[in-house]
1. Of everything in the stretch 113-140, what is in contact with a strand residue (DSSP E or B) (Cβ under 8 Å, 6 or more places away or on another chain) and surrounded by fewer than 18 Cβ atoms within 10 Å (Cβ to Cβ)? Give them in sequence order.
2. Does Gly90 meet the test of being over 20 Å from Val37 (Cβ atoms), more than 14 Å from the chain's Cα centre (by Cα) and in contact (Cβ under 8 Å) with a residue 60 or more places away in the chain?
3. Quick check on the stretch 79-97: of everything there that is out of contact with any His (no Cβ under 9 Å at 6 or more places or on another chain) and not in a helix (DSSP H, G or I), which residue is surrounded by the most Cβ atoms within 10 Å (Cβ to Cβ)?
4. When you scan the stretch 30-40, do you find a residue that is at pLDDT below 50, out of contact with any Gly (no Cβ under 8 Å at 6 or more places or on another chain) and not assigned by TED's automatic domain parsing to the domain that holds Leu124, even just one?
Amino acid sequence: MIVQISFSALVSRTMHRLGNGNSCGRDKSASTGSRSVCIPFFVYDLALGDEVETDDDRTIQPVVKPTGHYTFRVWFGESPDDAVREQVLGMVQRFACLSEWSSANLLAIDALNAEVAEDVSNFLPEREQHGHLGCETGRT
């Protein structure tokens, strides 16, 4: 299945600033079109650094050069325990993951490879079962 999402819906055409000070955008120097230079919050089957083809409307076509990274999204909105955020951020550091905040409640996590993604996958669902967060992977 081809993901048909406007690239401008994924990131601003003119780089925008996230709450943590990181810039998000696209790298047009990629050989085949564009490369994701942020952790995707609102699109599936796209990870940090993946190269994608885009059409004239900047609609994302298939990933042509995947990085092998994995994306996770964590929602803290209904969490009864504020300490869970620190636990998750500690896990991010322990597993050498990257992370970005979209809002006070939505965190995206980038796992470098399948091994790290498995560690993250073992960590997050336990907290989700206890009602401390909601989580999902970025893959369908």
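1. Asn113, Ala114, Val116, Asp119, Ser121, Pro125, Glu128, Gly134, Glu136, Thr137, Arg139
2. no
3. Once the filter is applied, the top-ranked residue is Cys97.
4. Yes, the stretch 30-40 contains at least one residue that is at pLDDT below 50, out of contact with any Gly (no Cβ under 8 Å at 6 or more places or on another chain) and not assigned by TED's automatic domain parsing to the domain that holds Leu124.
The values are calculated or read from the model by the stated rules, or taken from the named source; none is laboratory data. None of these values were measured; they are calculated from a predicted model. For neighbour counting, all protein chains shown are included, and Cβ atoms are generated from backbone atoms with ideal geometry for every residue, glycine included.
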